[in-house]
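Q: Here it is, the structure, as structure tokens.
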Amino acid sequence: VIIGGGFGGYEAAHRLKKADVDVTVVDRKNHHLFQPLIYQVAAGALSEGDVAAPVRAMLKRQPNASVLMAEVTDIDVTRRQVVLDRGERLDYDSLIVACGGATSYFGHDEWRDVTCGLKTLEDALDLRSRIFGAFEEAERAPDPAARDEWLTFVVVGGGPTGVEISGQLAILSRQALKRDFRRIDPRTARVILLDAGERVVAAFTEPTSARAAKELSDLGVTVREHAMVTDIDAHGVSVKVGDQTERIATHTVVWAAGVRAAEVAGILARASGAGTDRAGRIEVNPDLTLPAHHEISVIGDAAKLDGPDGRPLPGLATVAIQEARHVADAIRHGGAGASTPFKYFDKGALAVVGRGRAVCEVRGRRLYGLPAFLMYCGVHLFYLGGVGGRRLTVLITTIGSLFGARENRVMPGELEAVDRNALSTPLTGS
Ligand SMILES: Cc1cc2nc3c(=O)[nH]c(=O)nc-3n(C[C@H](O)[C@H](O)[C@H](O)COP(=O)(O)OP(=O)(O)OC[C@H]3O[C@@H](n4cnc5c(N)ncnc54)[C@H](O)[C@@H]3O)c2cc1C
């Protein structure tokens, strides 16, 4: 049984194609999500079908694999059974837990209601509606202060996700939407990236972080480092910089600051007695199995394993894929899980800043600008896979977007009702 049909889970199932085993992939979603590109869905550059494919369709040519769309609610490690949301139980000889992560608000769960995460397809679609809705609201705003609030976008967290979405927001407002409105000028929109640390994309070296920050500010993003968010509500964000606390009035806050292991990791830890780190990731043996359960392996974002430098392996798709191969190969050869230590092959890191702009570090080499962007496109298209023809569609859309092709700006819903008595200025003129 494999819990999760994301990067790790799908790869493990696929790798077991020729093995003499029955594979059941359980996922509460019907789709495998290509998370590295979901910021493009949020910004309207790609559509949902470009980044998500049904797990069932991806495994349809694998007769030994079946897919169940269900939520895992418990794991009975004594009976070796996975318990599903309707009480069904699945027996397993080997269990691979690839449940991934979820957005973490560092103890401020109330911020979930007033921000938008960027982890799931629903998050991306919700954010797309909020972004385009904000411009629509600004066009209808009764006074300059209200308009400015709608035209201010705050992104919290300067990791790759925060950098990608803020760059994309700047491009959207400065280039893509610049002629679409009459009462507002979308180019006046403010995109503010807040990071509590010393520099953005801190997993890269200092020169690369500095380059990413410069590229962002060239695009029009205000990058603020050492800026600690202390409060968020429906009207804005409070930020502490040094001894000063200031307020940024906005209705659109993208939360790209924290990730923790999915809930099922906690369920497994309690059931098996395995340890977890602060982010809820399960501490695994060097071979990715659980200390007291050789038949249970945890991989991907839900696992905590230190790399050769003594730091935990990063939450990257490439880590999840390599771990999946390590475990699946051992099962293919008759083991219940792996028994040799997992060795991560570091393929480098990439972050895209905007159209034609990216930063990349591979084995001590740095690449910036268009070459890094082309490498980013190549790597993502290579890994995108999924269902037939998707790579081509995304390639065409990506090339199109470089030349200013139109975004998917459709909002499925309506703007929320406002108190009309609160409108101080008639909605006429420009
Ligand atoms: C916005 C963003 C951008 C990223 N960009 C990059 C990048 O450029 N390069 C890179 O290498 N990595 C990137 N990552 C990280 C990468 O996506 C993750 O490291 C990778 O998805 C981890 O794979 P996984 O298999 O552990 O989990 P996931 O791929 O998240 O899959 C977990 C699956 O488990 C399912 N699941 C969870 N709980 C349950 C349950 N209780 N019952 C049933 N199913 C369940 C989920 O529905 C999901 O399908 C990015 C992540 C994000 C969010």
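The values are calculated or read from the model by the stated rules, or taken from the named source; none is laboratory data. Quick caveat, the model's predicted, so the values are computed rather than measured. We place every Cβ from the backbone using ideal geometry, glycine too, and count neighbours over all the protein chains shown. When the accessible area is computed, the model is the full protein with side chains, heavy atoms only, and any ligands, DNA or RNA have been set aside. Shrake-Rupley method; radii C 1.70, N 1.55, O 1.52, S 1.80 Å.
Q: How many percent of the accessible area of segment 153-198 is carbon or sulfur, using a 1.4 Å probe?
A: Of the solvent-accessible surface of segment 153-198, carbon and sulfur hold 41 percent.
Q: Treating the beta-carbon of each Lys and Arg as +1 and of each Asp and Glu as -1, no other charges, what is the dipole magnitude of the chain about its Cα centre, to the nearest 20 debye?
A: 1520
Q: While we're looking at this one, here's another question. To the nearest 10 square angstrom, how much accessible area does residue 333 have with a 1.4 angstrom probe?
A: Estimated to the nearest 10 Å², residue 333 gives 150 Å².
Q: In addition: Give the accessible surface of the chain per residue, rounded to a whole number of Å², with probe radius 1.4 Å and ligands, DNA and RNA excluded. Provide the component values of the computation, followed by the final result.
A: Details: 20240 Å² over 430 residues.
Normalised by residue count, the accessible surface of the chain is 47 Å².
Q: When you count, for each residue, the other Cβ atoms within 10 Å and take the mean per peptide, how do 308-315, 349-356 rank with the highest first?
A: 349-356, 308-315
Q: Ok, one more. Once both labels are modelled 7 Å past Cα along the beta-carbon direction, what's the residue 122-residue 71 spacing in nm?
A: Here the answer is 0.9 nm between the modelled labels.
Q: For the chain, state what percent of all Cα-Cα pairs lands in each successive 10 Å bin, counting from 0 Å until the bin that includes the largest distance.
A: Here the calculated profile for the chain is 4, 21, 29, 25, 14, 5, 1, 0.
Q: Roughly how big is segment 133-253's charge dipole about its Cα centre, with Cβ charges of +1 (Lys, Arg) and -1 (Asp, Glu), in debye to the nearest 20?
A: 440
Q: Moving on to the next point. Grab the Cα-Cα distance for residue 365 and residue 339, subtract it from 0.36 nm times how many residues apart they are, and report the gain in nm with one decimal.
A: Working it through step by step, the gained length comes to 6.0 nm.
Q: Assuming R0 = 56 Å, what is the FRET efficiency of residue 244 and residue 20, from their Cβ-Cβ distance, to the nearest 0.05?
A: 0.30
Q: How large is the helix-only mean residue ellipticity at 222 nm for the chain, computed as the sum of -39500 (n - 2.57) over DSSP H runs with n ≥ 4, divided by its residue count, in deg cm²/dmol to the nearest 500?
A: -9000 deg cm²/dmol
Q: Once you treat every alpha carbon in segment 266-356 as an equal point and sum by Debye, what is log10 I(q)/I(0) at q = 0.10, 0.14, 0.16, 0.19 Å⁻¹?
A: With one equal scatterer per Cα and no solvent, log10 I(q)/I(0) is -0.28, -0.51, -0.64, -0.86.
Q: Could you pull out the pairs from 29/214; 119/304; 119/240; 240/347; 119/178 whose alpha carbons sit more than 30 Å apart here?
A: Beyond 30 Å between Cα atoms: 29/214; 240/347.
Q: Over the chain, what relative contact order in percent results from Cα pairs under 8 Å that are six or more residues apart?
A: For the chain, the relative contact order is 19 percent.
Q: With a 1.4 Å probe and every protein chain kept in, tell me what percent of the accessible surface of segment 237-356 is carbon plus sulfur.
A: 50
Q: With each pseudo-label sitting 7 Å past Cα toward Cβ, what's the residue 409-residue 277 distance in nm, one decimal?
A: Going by the 7 Å Cα→Cβ label model, 4.3 nm.
Q: Still on this structure: Which one, 192, 235, 334, is farthest towards the positive end of the dipole of the chain when Lys and Arg carry +1 and Asp and Glu -1 on their Cβ?
A: 334
Q: If you find the alpha carbon centre of segment 266-331 and of segment 89-114, how far apart are they in angstrom?
A: Computed from Cα coordinates, the inter-centre distance equals 14 Å.
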